[in-house]
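Values quoted throughout were computed directly from the atomic coordinates according to the rules given, and no laboratory measurement underlies them. Owing to the predicted nature of the structure, the values given are computational and were not obtained by experimental measurement. Every residue, glycine as well, gets a Cβ built from its backbone with ideal geometry; the counts of neighbours run over all protein chains shown.
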Amino acid sequence: MTDDHTHVQEFFAARAADWDSRFPDDGPAYRAAVTELGLAPGDRVLDAGCGTGRALPALRDAVGTGGAVLAADLTPAMLEAAVRAGRAAHGRLLLADVARLPLRTGSLDAVFAAGLIAHLPDPAVNLRELRRVVRAGGRLALFHPIGRAALAARQGRQITPDDLRAENNLRPLLSGSGWRLTSYVDEDARFLALAVPED
């Protein structure tokens, strides 16, 4: 395991037990973002970096009983918190690195990634792996329940020009990883970037 992976696991393992209670009002934002992803009954979707699985109920509702919901996270404690919260009933939990997903090429209709991009050790490579597992015509949602400025204020910092989520940084990053940005919203109440495969 790389040092980056160890750092991510340590960061989230220390916060897993009270993660949901720290952000109790995020549910509606997750549900709205899943709606904008445009899933259909029977679709196959991955929640990449699922954490405690807050998106899983909305993803399951969107794809129905005939669809498949997978949820991958690198941190065992986060997946354990998802199980304790009853969210394993909505999807299959995978202890997996988004850089090397145990999924077939083109096997998914969509990927939902909440708060993921800032924690990727090599965003271009990792986004290419997400592209690998999504079929032609599929979709990607990069989401955060609050916008960049609100998140920076919460963390007591300023937004920097190299912020990966800034549209002028994100658009070429996605393009170089096989995605085309189709929608970008960054407001206090949410951050949501939608993309489709370029080919």
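Write down Rg/Rh for segment 82-189, rounded to two decimals, with Rg from the C-alpha atoms and Rh from the Kirkwood relation over Cα pairs. Provide the component values of the computation, followed by the final result.
Values: Rg = 15.0 Å, Rh = 15.3 Å.
Rg/Rh: 0.98.
Suppose we keep just the DSSP beta bridges with both residues in segment 45-199; what percent of those would be antiparallel, to 5? Don't skip to the end; give the middle numbers.
On the way: 13 of 30 bridges.
Taking every DSSP beta bridge within segment 45-199, about 45 percent pair in antiparallel fashion.
Roughly how far apart, in whole Å, are the Cα centres of segment 131-183 and segment 34-86?
Here the answer is 20 Å between Cα centres.
Quickly work out the ALA89-to-ASP122 label distance, labels modelled 7 Å from Cα along the C-beta direction, and quote it in nm with one decimal.
So the two model labels end up 4.1 nm from each other.
Between Rg and the Kirkwood Rh of segment 17-149, both from Cα atoms, what is the Rg to Rh ratio?
On the way: Rg = 13.5 Å, Rh = 14.6 Å.
In segment 17-149, Rg relative to Rh is 0.93.
Compute the relative contact order of the chain as a whole-number percentage, counting only Cα pairs closer than 8 Å that sit 6 or more residues apart in sequence. Let's see the in-between values first.
Numbers: 380 pairs, mean separation 37.0, N = 199.
The normalised contact order for the chain reaches 19 percent.
Taking the Cβ-Cβ separation of THR182 and GLU80 as r and a Förster radius of 45 Å, what is the calculated FRET efficiency to the nearest 0.05?
Details: r = 35 Å, r/R0 = 0.78.
After rounding, the FRET efficiency stands at 0.80.
Which GluC sites (Glu not before Pro) in segment 101-199 pass both tests, a DSSP loop state and at most 15 other beta-carbon atoms within 10 Å? Walk me through the numbers on the way to the answer.
Working: sites: GLU129, GLU167, GLU187, GLU198; in loops: GLU198.
Listed in order of number, the matching sites are GLU198.
Taking the Cα centre of the chain as the origin, how large is its charge dipole in debye, to the nearest 20, when only Lys and Arg (+1) and Asp and Glu (-1) carry charge on their Cβ atoms?
Numbers: 23 positive and 25 negative charges, 86 e Å.
Dipole about the Cα centre, nearest 20: 420 debye.
Tell me, what HN-Hα J-couplings in whole Hz come from the Karplus equation 6.51 cos²θ - 1.76 cosθ + 1.60 at θ = phi - 60° for each residue of segment 146-156, using x for Gly and Pro?
So the Karplus estimates, Gly and Pro as x, are 9, x, 4, 5, 5, 5, 4, 4, 4, 8, x Hz.
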